[in-house]
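Only one structure is covered here, and it is reproduced in the block below.
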Amino acid sequence: MNDPKEFRKFAHQFVDWMADYLENIESYPVKSQVKPGEIFSKIPDFAPEKGESMESIFQDFQRIILPGITHWQSPGFHAYFPGNSSYPSLLAEMLTATLGAQCMKWVTSPAATELEEKVMNWLKELIGIPAGWDGVIQDTASTATLTAILCAREKYSNFSINEKGFVGENKYRIYCSTETHSSIEKAVRIAGYGKNSLVKIKTDSNYALDPLALEATIRNDINIGLEPVCVVATLGTTGSTAIDPLDKIASICEKNNIWLHVDAAYAGTALFLPEYKWMINGINKADSFVFNPHKWLFTNFDCSAYFVKDKELLIRTFEILPEYLKTSTGKKVNDYCDWGIQLGRRFRALKLWFVLRNFGVEGIQNKLRFHISLSKEFRNFIDNDKEFELITEPSVNVVCFHFIPPEISDIEKINLINETLLEEINKSGEVFLSHTKLNGVYTIRMVIGQTNVERKHIVNAWELIKKSSLLLKF
Ligand SMILES: *Cc1c(COP(=O)(O)O)cnc(C)c1O
């Protein structure tokens, strides 16, 4: 297709399809029901020699691809953490795709850079990041955390590892809780510290990092000649959204001159609400912070907001200037390719701008509060049923529970029954929930943060869960 008329025709048709899809999304099974290899086997082994018509490509999209899609925008999606979206975000993504701008440097699209700086300042103020910090959009929290862990490495090695690599025995240690996201270990491996440098600290009964254990471990490590360089605190762990006690952790880091990175990938969005601002107490003593608007802030994947106290250190860690990237604007402007790992960058600020403006702060707060109130109601469904049990009190909008079959007390059996229960629930196609293990207990997680979830969806989900439990044979 190389004809603007054709493009216009299909673009209109696709927009109609998009609106229909979103309107009727509940008619699709939330979790894709295909078997491994099913989609692969339906796609030809070789690319076509001659161009094919858009009609036939689009038909195949509907016939082959759609059945293999898990519908993240369905209000029945309660798995993992949401990757939620919204109309304003989608509209911005259409424009972003149309501009097709690669926004690595200021000069490659000044508006992208300057809008990014502005919306990150908005976010900074909204969620309570100190005014002197700077923000930059990353693709994911995994990348942002890797960025932080690399900055810590360069800070404490006085930038020598960027020059020479690790020399001699590595004495650096990085700390996080046993409930921390797997991306921290991945980052530690990629950054060259080695997995054995990562020290996992035990948690309290709410699955939050135990600061006394952290302090004792750090003290002990220093005594035996190791060098603590970084602590990762989590606001909203992936398993149960436990909130690590940031203020206490921050004091320990400040006292021992350790980089503190805060991973608030999911729950950071709750900082839009004054009643959750307590979570971020101590941030002024931290060094870096990440949260994902692409999870619970109605902004299409991917969009991860990374904030740092010392942008010069960040830039010094990543800046690299081959001749073909030299510009005359120098330090007057931000060249965000020097603020992280990737050179090429999408124009992600646009969708964030659309979302923040179209919802307004109040609109966002109302939605978040509504999700949290639904979670409280769902928590009570569980708590009021003798055959179900909360595994931990929800801190935000994730309810962790399991089914306790009558007259069975062996935890391995109970775990197995819950695994079967979850499979049954998801097979219905009406909802999609996922699980974790907390303290050895198979835990079903009900996340209530999809953009368009309503009360009826959680009432239906609860009925379905209850019904499925009654049909179990054991
Ligand atoms: C989701 C999540 C991550 C990873 O986020 P990506 O953006 O997918 O890399 C990291 N940490 C926590 C606590 C998370 O919930």
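Here are some notes:
- Of the residues 276, 324, 306, the single one that is within 16 Å of the ligand (Cβ to nearest atom) and either assigned to a strand (DSSP E or B) or within 22 Å of residue 337 (Cα to Cα) (or both) is 306.
- Residues of the stretch 455-474 classified as part of a helix (DSSP H, G or I) and among the aromatic types (Phe, Trp, Tyr), total: 1
- Considering residues of the stretch 42-62 that are of a type outside the set (Gly, Ala, Ser) and not in a helix (DSSP H, G or I) only, the residue farthest from residue 7 (Cα to Cα): 45
- Some residue of the stretch 127-138 being touching a residue at least 60 places away in the same chain (Cβ under 8 Å), near the ligand (Cβ under 10 Å from one of its atoms), touching a strand residue (DSSP E or B) at 6+ places or on another chain (Cβ under 9 Å) and closer than 25 Å to residue 238 by Cβ: yes
- Restricting attention to the stretch 433-454 and to residues that are under 20 Å from the mean Cα position of the chain (by Cα) and not in a strand (DSSP E or B), the residue that is surrounded by the fewest Cβ atoms within 10 Å (Cβ to Cβ) turns out to be 452.
- The stretch 335-351: number of residues that are closer than 22 Å to residue 149 by Cα and assigned to a loop (DSSP other than H, G, I, E, B): 7
- When the residues of the stretch 246-266 are filtered to those that are within 16 Å of the ligand (Cβ to nearest atom) and assigned to a helix (DSSP H, G or I), the one that is surrounded by the fewest Cβ atoms within 10 Å (Cβ to Cβ) is 246.
- Pick from the stretch 172-189, criterion away from the ligand (no atom under 13 Å from the Cβ) and in a helix (DSSP H, G or I), ranking: farthest from the chain's Cα centre (by Cα): 189
- Hits in the stretch 279-303 - residues which are within 19 Å of the chain's Cα centre (by Cα), aliphatic (A, V, I, L, M) and in a loop (DSSP other than H, G, I, E, B): 297
- Among the residues of the stretch 191-226, just one is within 15 Å of the ligand (Cβ to nearest atom) and touching a helix residue (DSSP H, G or I) at 6+ places or on another chain (Cβ under 6 Å), namely 198.
- Residue within the stretch 87-104 that is surrounded by fewer than 17 Cβ atoms within 10 Å (Cβ to Cβ), of a type in the set (Gly, Ala, Ser), more than 16 Å from the ligand (Cβ to nearest atom) and assigned to a helix (DSSP H, G or I) present: yes
- Members of the stretch 452-470 that are of a type outside the set (Phe, Trp, Tyr) and more than 15 Å from residue 79 (Cβ to Cβ): 452, 454, 455, 456, 459, 460, 463, 466, 467, 468, 469, 470
Where a number appears in this text, it was derived from the coordinates with a stated rule and is not lab data. No experiment lies behind these values; they were computed from the predicted model shown. As a convention, Cβ positions derive from the backbone with ideal geometry for all residues, glycine included, and neighbour counts pool all protein chains shown.
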